[in-house]
1. Across 10 Å bins from 0, what is the distribution of all Cα-Cα pair distances for the stretch 98-152, in whole percents?
2. Taking a 24 Å limit on the Cα-Cα distance, which of the listed pairs Lys40/Lys128; Lys40/Lys92; Lys9/Lys106 fall beyond it?
3. For Arg16, what charge total do you get from the other residues with a beta carbon under 11 Å from its beta carbon, if Lys and Arg give +1 and Asp and Glu give -1?
4. For the stretch 55-186, give me the percentage of DSSP beta bridges that are antiparallel, rounded to the nearest 5 percent.
5. Among DSSP bridges having both ends in the stretch 109-187, what percentage is antiparallel? Round to the nearest 5.
6. With +1 assigned to the C-beta of every Lys and Arg and -1 to the C-beta of every Asp and Glu, and no other charges, what is the dipole magnitude of the chain about the Cα centre in debye, to the nearest 20?
7. Quick check: net charge around Gly145, other residues with Cβ under 13 Å of its Cβ, Lys/Arg +1 and Asp/Glu -1?
8. Spin-label point model (7 Å from Cα, Cβ direction): what's the Asp96 to His50 distance in nm?
Amino acid sequence: MGPKRTHGKSPDEHSRIVRDGYDKIAHQYMQEREQYCNDKEIQEFINRLHEKARVLDIGCGGGVPVLKMMLENGFIATGIDFSKTMLEIAKKNVPDAHLIHGDVTKADFESNFFDGIISTYAIIHIHKSLHPVIYAQIYKWLKPGGVMLMGTSWSDWEEIAEYMGVDMAWSHPAPDTSLQMVKNAGFEVIFDRLVPTGNNETVYWILARKN
Ligand SMILES: C[S@@+](CC[C@H](N)C(=O)[O-])C[C@H]1O[C@@H](n2cnc3c(N)ncnc32)[C@H](O)[C@@H]1O
């Protein structure tokens with residue numbers, strides 16, 4: 001079955017809308033971020049990591065709560081985000097994290113490097129044609145035994161719409177497609193679940209291991 005809705009933009013145009021949008025709304029987004037609580041799933045990710053684990057946060061935004069929690073647990077934390085304004089906020093919130101300004105779809109890290117890779121509310125902004133590549137890259141960047149926690153969407157959807165007063169772009173497949181992509185990348189799935197979060201949002205969480 002094809003996507004329920006497409007906006008017809010290329011992945012590059014899509015990315016530009018997301019990046020420019022977050023550069024403008026970063027401060028407002030961070031003020032409203034605390035209404036989304038994902039502590040249970042994040043804690044299950046943390047429980048599978050050892051002290052001094054190397055963790056990557058994809059689309060880390062302003063560094064709170066995820067990178068902050070990683071540092072509080074004694075992990076070596078790296079965040080990547082392509083919004084300059086978000087990274088400026090992250091520098092203040094989590095000065096001990098290693099912060100990279102870049103587009104994760106164009107990034108490359110060493111193979112077998114990270115013990116954990118986490119991403120909350122970010123892959124939903126990456127053009128869904130690129131999701132299989134992202135999962136394959138995450139698999140490559142993780143050490144054997146490493147874990148991925150991915151928060152993606154409950155629906156197959158793609159649109160450009162007004163969000164906090166700016167244009168914003170979303171693109172994501174349905175849960176069964178995301179799960180299949182994760183399995184195709186080679187992961188063993190530990191759990192997948194739909195969780196209502198806050199502000200009428202439902203997140204589809206996948207926790208998976210590289211064997
Ligand atoms: C909704 S915010 C989520 C931020 C943070 N993860 C959180 O939980 O609050 C989405 C973030 O993903 C970033 N992002 C989206 N696509 C990206 C990409 N291709 N490469 C790097 N960052 C990206 C945006 O700039 C934005 O900061």
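1. In whole percents, the pair-distance histogram is 22, 59, 18.
2. Lys40/Lys128; Lys40/Lys92
3. Net of charged neighbours comes to -4.
4. Counting DSSP beta bridges with both partners in the stretch 55-186, the antiparallel share is about 30 percent.
5. Around 60 percent antiparallel, to the nearest 5.
6. 420
7. +3
8. 2.0
Bear in mind these aren't lab numbers, they're just calculated from the coordinates by the rules spelled out. Note that the coordinates shown come from a computational prediction; the quantities given were computed from them, not determined experimentally. No Cβ is skipped: glycine too gets one built from the backbone with ideal geometry, and neighbour counts run over all protein chains shown.
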